[in-house]
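The values are calculated or read from the model by the stated rules, or taken from the named source; none is laboratory data. Quantities reported herein were computed from a predicted structural model and do not represent experimental measurements. Glycine gets a Cβ as well: all are built from the backbone with ideal geometry, and neighbour counts include every protein chain shown. What goes into the accessible areas is simple: the full protein's heavy atoms, side chains included, and nothing from ligands, DNA or RNA. Shrake-Rupley method; radii C 1.70, N 1.55, O 1.52, S 1.80 Å.
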Amino acid sequence: MEHVRCVLDLPERRVCRVLEQHRSTQRKIPQGREDEARLSADIIELARQYRRYGYRRIAELLRQAGWLMNDKRVERMRGPEFAAKAVQEWIHGVRASTACIAPGRPWENGYIESFNPRMRDELLDGEIFYTLREARTVIESWRRHFNGVRPHSSIGYQAPAPETTVFLPPAWPAPLVGAAPPARLPPVQRPTLH
């Protein structure tokens, strides 16, 4: 503000009134807390150890370690910022690029935001893949089930792309290994006319 006063030769009060700013905003330089860097390092370490913990659990662990703070401070410092940095580093490491949605338009990504947790919950959390081929086979089977059989609440509990012309056996769950073949009835003899 002193710079404005020197250039325009106007008093600070008048300049603040014109800009509709409180005078105190021009005098104190905002500074972060002294312990911000230490707390951030502790949050990052806990987030590495407990990847699936949300900010509330991380905050409780910090309190048990002696930190005096509320959940909101941890929320402000943790979920998306650290995850975004890790993702950006990985993308840079594999020399890839990102396709971003337009700012202020989160609905452009609504399908994926809904799909990802479903795939994680219904498929990936319950499987261990030993080979890439096994992963491709199981994921493709689940994809066929997701699109052709699984009821979706957003479309009246219908499958988005049901098979209508070709009968396919149910894609999911996969048949049990070593299961007995389905029982078959013997063919019925048709009566013959003499």
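Long-range amide H contacts for residue 152: which residues qualify at under 5 Å (H placed 1.01 Å from N, peptide plane, sequence gap of 5 or more or a different chain)?
157, 158, 159
Sort 11-19, 154-162 for me by packing, meaning the mean count of neighbouring Cβ atoms within 10 Å per residue, highest on top. Display every interim value, and only then the final one.
Details: 11-19: 12.1, 154-162: 10.4.
The densest-packed peptide leads the list: 11-19, 154-162.
Just to confirm, what accessible area per residue do you get for region 112-152 at 1.4 Å probe, in whole Å²? Mind showing how you got there, number by number?
On the way: 2900 Å² over 41 residues.
Spelled out: the 1.4 Å probe surface of region 112-152, per residue, equals 71 Å².
What distance in nm separates the simple spin-label points at residue 67 and residue 39, each placed 7 Å from Cα in the Cβ direction?
Distance between the two pseudo-spin positions: 0.7 nm.
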